Amino acid sequence: GFCTPGQICAAVAMLEEVKAGVPSHVTPHLMKGPEMSSVEIRERMSGNLCRCGAYPRIVEAILDVAP
């Protein structure tokens, strides 16, 4: 399905946003910028729905490659 490339594109964009210090709705300290956490990742990836087998482990995969 198309969700795999969509998840990859969304994850890359999300990592760039965090790297640039762009906060999300769940960023606890706006002046410090976002930290890479499962809560932050889930919030940022929430708009990209996927029904395949990769979806349950997307947070873990992103944490594996996050700086």
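Numerical summary
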item	result
Thr27, Thr4, reordered so the largest accessible area comes first (probe 1.4 Å)	Thr4, Thr27
Charge sum, other residues only, whose C-beta stays under 13 Å from Ala66's C-beta, Lys/Arg counted +1 and Asp/Glu -1	-4
Probe 1.4 Å - accessible area at Ser46, Å² to nearest ten	70
Charged-residue dipole, Cβ positions (Lys, Arg, Asp, Glu), the chain about Cα centre, Debye nearest 20	120
For Leu30, net neighbour charge (Lys/Arg +1, Asp/Glu -1) across residues whose Cβ lies under 15 Å away	-3
Accessible surface of the chain, 1.4 Å probe, proportion on carbon and sulfur as whole %	60
Under 13 Å, Cβ to Cβ, from Ala10 - net charge with Lys/Arg +1 and Asp/Glu -1	-1
Average accessible surface area per residue within the chain, 1.4 Å rolling probe, Å²	71
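The values are calculated or read from the model by the stated rules, or taken from the named source; none is laboratory data. On a predicted model such as this, the values are computed, not experimentally measured, just so you know. Positions of Cβ are backbone-derived with ideal geometry, glycine not excepted, and every protein chain shown enters the neighbour counts. Side chains are part of the model used for accessible areas, which takes the heavy atoms of the whole protein and leaves out ligands, DNA and RNA. Shrake-Rupley method; radii C 1.70, N 1.55, O 1.52, S 1.80 Å.
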